[in-house]
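Worksheet: the structure to be examined is printed underneath.
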Amino acid sequence: MLVIALDTSTPAVTAGLVALDDGTPRPLAERVTVNPRAHGELLMPQLLDALTEAGHRLGDADAIVVGSGPGPFTGLRVGMATAAALGQACDRPVHPVCGLDAIAAQAAADGPLLVATDARRKEVYWAAYDAARARTTGPRVQRPADVPVADLGVAAAAGEMAEALGVPAVEPRYPSPVGLVRAAREVLLSGAEPEPLVPLYLRRPDAATPGPRKSVVPGRGAR
């Protein structure tokens, strides 16, 4: 099985082609560029470069996995919209994957794990995992000091904000193509229908619905 893997939920622009052989993801080619302002500019060129390196075309892929966040709206929507368009154009299933799950699936650590990425506004997106890398808590968004690290009993942390949590930091910092496919391995191999492509923003939008208009006539309320 050949799987296209995309992620724009972090500052890293990630694209690659992964072979899922006997349940073990094997990277064929990948491109990763850390540039939070270039998701839209780099994602498709990187994917096409990776496919060329691997000797394949878009239509050769059997499925697509895409990071569904949590992440900022501007970057996250690039990867999800691209994956949705490719799935429709190539008639291939598109599977959303929590980016924190993808990092946990490839983390170089034993025992319980905490994964944290940059949520901006001095906050982190985080989730906790057991030794088998099943998610036990999260994803959530909080300030690093408010994450209940002691209560979670974690041995290490991964992700770009791992150092801010006060436990030993391990790689990777960002979701990789192999990590994305590893996190989606069971659903890919089962042939199950994909979950809906719903982004994990975890925050309410900054924009708010306008309230009632105020009257400019003295003594009259809003209409």
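The values are calculated or read from the model by the stated rules, or taken from the named source; none is laboratory data. Keep in mind the model is a prediction, meaning the values are calculated, not measured. Cβ placement follows ideal geometry from the backbone for every residue including glycine, while neighbour counts extend to all protein chains displayed. Keep in mind that these areas ignore ligands, DNA and RNA; they rest on the heavy atoms of the full protein, side chains included. Shrake-Rupley method; radii C 1.70, N 1.55, O 1.52, S 1.80 Å.
The table below lists the values:
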quantity: Filtered residues of region 99-116 (kept if open to solvent by 10 Å² or more (accessible area, probe 1.4 Å) and touching a Gly at 6+ places or on another chain (Cβ under 7 Å)); calculated: Ala105, Gln106, Pro112
quantity: Ala119 being part of a strand (DSSP E or B) and buried (at least 18 other Cβ atoms within 10 Å of the Cβ); calculated: yes
quantity: Candidates Ala132, Ala104 - the one that is among the small types (Gly, Ala, Ser), within 20 Å of the chain's Cα centre (by Cα) and in a loop (DSSP other than H, G, I, E, B); calculated: Ala132
quantity: Top-ranked residue of region 50-84 - restricted to ones that are modelled with pLDDT under 95 and in a helix (DSSP H, G or I), ranked as most open to solvent (accessible area, probe 1.4 Å); calculated: Arg77
quantity: Lone qualifier among Asp62, Asp22 - being at positive phi and over 19 Å from the mean Cα position of the chain (by Cα); calculated: Asp22
quantity: Top-ranked residue of region 22-46 - restricted to ones that are open to solvent by 60 Å² or more (accessible area, probe 1.4 Å) and in a strand (DSSP E or B), ranked as farthest from Pro11 (Cα to Cα); calculated: Thr24
quantity: Test: residue in region 177-199 that is under 26 Å from Pro148 (Cβ atoms), at pLDDT below 95, touching a helix residue (DSSP H, G or I) at 6+ places or on another chain (Cβ under 6 Å) and buried (at least 17 other Cβ atoms within 10 Å of the Cβ); calculated: yes
quantity: Of all residues making up region 150-176, the number that are under 19 Å from Gly71 (Cα atoms), open to solvent by less than 30 Å² (accessible area, probe 1.4 Å) and in a loop (DSSP other than H, G, I, E, B); calculated: 5
